[in-house]
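The structure appears below as structure tokens.
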Amino acid sequence: MRRGSSGVRSPRSAGNSQAVRPIDLDEMAASTDAIAAALERGHTIDITTTGRRSGKPRRIEIVFHNIDGRFYISGIPRAEKRDWLLNLEADPRFTFHLKGRTQADLAATARVIDDEAERRRVLPHIARAWRRNDLDAMVRYSPLIEVTFNQ
């Protein structure tokens with residue numbers, strides 16, 4: 001079947017006599033459930049930010065963490081700020097790409113966490129997940145954002 005400009009398959013287009021199966025609302029709910037299940041624990045995702053100088057989309061692979069129902073992205077300690085973090089400081093809107101069994105592109109907003117007390121509350125969970133014992137270095141040098149999903 002041919003896809004129209006909306007990306008939706010049009011029934012019986014271009015001489016094809018096959019009808020399109022209607023959307024099953026129960027399947028859509030399952031997709032929502034699958035997304036919720038995928039967000040239950042942290043794993044590898046991609047994020048797409050907007051380049052702060054170029055304005056072009058920039059996609060990278062990274063890991064997210066679900067800590068008490070809140071979503072965070074961090075990284076290994078390094079004194080230099082990552083480009084993705086600089087991009088999010090300039091424009092906090094980004095796309096959170098689930099990949100693997102459940103695939104979805106979720107519109108999100110980042111809140112960069114610079115406050116040391118908050119970093120000390122969040123980063124021990126991430127350090128434990130990564131089996132790291134350099135919490136002070138992580139508090140000082142690891143990028144840390146909280147993710148909010150847009151409705």
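Nothing in this text is a laboratory measurement; each read-out follows from the coordinates by a stated rule. Note that the structure is a prediction, hence the values are computed from the model and not measured. Reconstructed Cβ throughout: ideal geometry from the backbone, glycine too, with neighbour counts over all protein chains shown.
Worth a mention:
- Summarising the amide proton neighbourhood of residue 43: residues at separation of 5 or more, or on other chains, whose placed amide H is nearer than 5 Å comprise 64.
- At R0 = 22 Å, FRET efficiency that the Cβ-Cβ distance of residue 91 and residue 61 yields, to 0.05: 0.65
- Extension gain from residue 130 to residue 104, taking 0.36 nm per residue of separation minus the Cα-Cα distance: 6.9 nm
- Couplings 3J(HN,Hα) for segment 138-151, derived from phi with the Karplus relation 6.51 cos²θ - 1.76 cosθ + 1.60 (θ = phi - 60°), are 5, 4, 7, 10, 7, x, 8, 10, 9, 9, 10, 8, 7, 7 Hz, where x marks Gly and Pro.
- Computed E for residue 78/residue 149 - FRET, C-beta separation, R0 25 angstrom, nearest 0.05: 0.40
- Over segment 38-149: Kirkwood hydrodynamic radius from C-alpha pairwise inverse distances, Å: 14.2
- Karplus 3J(HN,Hα) series, Hz, for segment 112-121 with 6.51 cos²θ - 1.76 cosθ + 1.60 (x for Gly, Pro): 6, 9, 9, 5, 4, 4, 5, 4, 5, 7
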